[in-house]
Structure formats: C-alpha cells, structure tokens
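Q: There's a structure below that I have some questions on.
The values are calculated or read from the model by the stated rules, or taken from the named source; none is laboratory data. If you're wondering where the values come from, they're calculated on a predicted model, not measured in any experiment. A quick note on method: Cβ atoms are made from the backbone with ideal geometry, for glycine too, and the neighbour counts reach across all protein chains shown. What goes into the accessible areas is simple: the full protein's heavy atoms, side chains included, and nothing from ligands, DNA or RNA. Shrake-Rupley method; radii C 1.70, N 1.55, O 1.52, S 1.80 Å.
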Amino acid sequence: RADRSGNYIPAVYARNVMNSLEKDAILFTNGDNDTFPLWYIQEVEGLRRDCRIMNLSLINMPWYIRQMRDQEPRLPINCTDSTLDQLYGYVLNESKRFKLDSLVLDFKKGEVLYVKDLIVLIILNNNRWKRPLYYTTTTPSEARTKLDPYLTMQGMVFRLHPEKAAALAARDQSI
C-alpha cells in the first residue's frame, strides 16, 4: 500500500553520508530515519562495511550495547554483561569532568547522564582517537553529549576532533 518505488532520497542520503566518513569510522545516529537507510546501504548493498553505525536511541538497551561490543566492526566498549545489565542513567549529585587530551567536558550537579552519554564517553575514552568519530547532522545538539564545540562539518556529517573547532579554524591557513 505504501509504494516507494522511485523514491531514491533515502539511498542517496545514505551514500552521501557513508562517503563522508573516513576508513573504519564510528558514526553516531539519532533515530530510525537517519539510521535505517545507512544500515540498508551497508547490509544490502555492501557499502562501507568498515564503518560502525551506532544508533543513540537504541544504545540505551543492554542487548544493543552487547551487539555493538561483540559484532564486527566492534566498538571499543569494555563493559561486562553484568555491568551492562546494571547500567542506567542518573542525576549527578556533584559536578564531574571528563577529560581526554585537550577535550574537556564539564557536567554540572543536577544534570542527567543517560546510558547513551555514558557509552559515548566509554567509547571516546577507549578509542583514544584511533578511529574517526562522527555524528549525523540530524542528531540534535542535546543528544551529542556536550561535544558540539569539538565538531566540524565534513561532507554530510559532523566529525569529532580532540580539540575545539575554533582552535582548528584559527590555525587553518587556507581560509
């Protein structure tokens, strides 16, 4: 009843996003509409199977985290099954700082850290810039774990850098 033959927008979107990624990239997506075309293009058409697409809506579920941890291309998540089963979001009872090289994220007392935020921070910490990290442009700012100052546009995606985008731009002599 819902004939979508001739609707090439999802496939073109997916190809453009995937072709914006560097080899072995990790791409954080937000929901169904930006994830399913990417999964299709990978699984059915075989495009960019070196990259891992991680859906931030699903990452709150222990079974999905296990899949991301255990299936190729694996994400650097070093949590045991027992830890994943007990992982939950919580309200900070004190301010916390996450630091990785020159990337610094401050979380204030009373803020909520969701499971997706904790997993993103675990991936950042364990990855240590070995694999490039990206967000789809459709991922809202509040779902990007305070990383906006460290993101730059690269093709159809935001790329995460170990230093603030403003510092990168200040050094860019091509502008």
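Q: Could you please let me know if L168 is within 12 Å of the chain's Cα centre (by Cα) and in a helix (DSSP H, G or I)?
A: Working: within 12 Å of the chain's Cα centre (by Cα): no; in a helix (DSSP H, G or I): yes.
In short, no.
Q: Another question, then. Check K146, K109 and return the single one that is open to solvent by 70 Å² or more (accessible area, probe 1.4 Å), part of a loop (DSSP other than H, G, I, E, B) and touching a residue at least 40 places away in the same chain (Cβ under 8 Å).
A: Details: K109 fails: touching a residue at least 40 places away in the same chain (Cβ under 8 Å).
Going through K146, K109 in turn, the sole match is K146.
Q: Identify all residues within region 31-58 that are closer than 17 Å to I119 by Cβ and either open to solvent by 50 Å² or more (accessible area, probe 1.4 Å) or of a type in the set (A, V, I, L, M) (or both); write none if there are none.
A: Here is the first cut: in region 31-58, the ones closer than 17 Å to I119 by Cβ are 31, 35, 52-58.
Passing the criteria: I53, M54, L56, S57, L58.
Q: Whether any residue in region 139-146 is at pLDDT 95 or above, in contact with a strand residue (DSSP E or B) (Cβ under 8 Å, 6 or more places away or on another chain), over 26 Å from E43 (Cα atoms) and not aliphatic (A, V, I, L, M) is what I want to check.
A: Looking for residues that are at pLDDT 95 or above, in contact with a strand residue (DSSP E or B) (Cβ under 8 Å, 6 or more places away or on another chain), over 26 Å from E43 (Cα atoms) and not aliphatic (A, V, I, L, M), one finds at least one in region 139-146, hence yes.
Q: Something else: For L100, are the conditions met, namely being touching a residue at least 60 places away in the same chain (Cβ under 8 Å) and open to solvent by less than 10 Å² (accessible area, probe 1.4 Å)?
A: On the way: touching a residue at least 60 places away in the same chain (Cβ under 8 Å): yes; open to solvent by less than 10 Å² (accessible area, probe 1.4 Å): yes.
So L100 passes the test.
Q: Among the numbered criteria (1) surrounded by fewer than 16 Cβ atoms within 10 Å (Cβ to Cβ); (2) not in a strand (DSSP E or B), which single criterion is violated by V120?
A: Checking V120 against (1) surrounded by fewer than 16 Cβ atoms within 10 Å (Cβ to Cβ); (2) not in a strand (DSSP E or B), the one that fails is (1).
Q: Right, something else. I'd like the residue in region 58-79 that is among the polar types (S, T, N, Q) and in contact (Cβ under 8 Å) with a residue 40 or more places away in the chain and, out of all such residues, is nearest to L124 (Cα to Cα).
A: Among those that are among the polar types (S, T, N, Q) and in contact (Cβ under 8 Å) with a residue 40 or more places away in the chain, it is N78.
Q: Another question, then. Of all residues being part of a loop (DSSP other than H, G, I, E, B) and either among the basic types (K, R) or in contact with a strand residue (DSSP E or B) (Cβ under 6 Å, 6 or more places away or on another chain) (or both) in region 52-74, which is nearest to Y134 (Cα to Cα)? Just the residue, please. Steps first, answer last, please.
A: Kept after step one, since they are part of a loop (DSSP other than H, G, I, E, B), are these residues of region 52-74: 56-57, 61, 71-74.
Still in the list and also either among the basic types (K, R) or in contact with a strand residue (DSSP E or B) (Cβ under 6 Å, 6 or more places away or on another chain) (or both): 56, 73-74.
On the way: L56: 12, P73: 15, R74: 16 Å.
Ranking the candidates gives L56 first.
Q: Condition (residue is at pLDDT 95 or above, charged (D, E, K, R) and over 14 Å from the mean Cα position of the chain (by Cα)) applied to region 112-127: is it met by at least one residue?
A: As a first pass, look at region 112-127 and keep what is at pLDDT 95 or above: 112-127.
Imposing the further condition that a residue be charged (D, E, K, R) reduces the set to 116-117.
Then drop every residue that is not over 14 Å from the mean Cα position of the chain (by Cα), which leaves none.
So far as region 112-127 goes, no, none of its residues is at pLDDT 95 or above, charged (D, E, K, R) and over 14 Å from the mean Cα position of the chain (by Cα).
Q: Also, quick follow-up: Out of everything in region 1-29 that is modelled with pLDDT under 95 and not in a helix (DSSP H, G or I), what residue ends up being nearest to P132 (Cα to Cα)?
A: Y8
Q: Looking only at region 13-30, decide whether some residue is out of contact with any Lys or Arg (no Cβ under 6 Å at 6 or more places or on another chain), surrounded by fewer than 12 Cβ atoms within 10 Å (Cβ to Cβ) and without any contact (Cβ under 8 Å) to a residue 24 or more places away in the chain.
A: No, because not a single residue in region 13-30 is out of contact with any Lys or Arg (no Cβ under 6 Å at 6 or more places or on another chain), surrounded by fewer than 12 Cβ atoms within 10 Å (Cβ to Cβ) and without any contact (Cβ under 8 Å) to a residue 24 or more places away in the chain.
Q: Does region 83-105 hold any residues that are closer than 30 Å to E43 by Cα and part of a helix (DSSP H, G or I), and which are they?
A: Correct list: T83, L84, D85.
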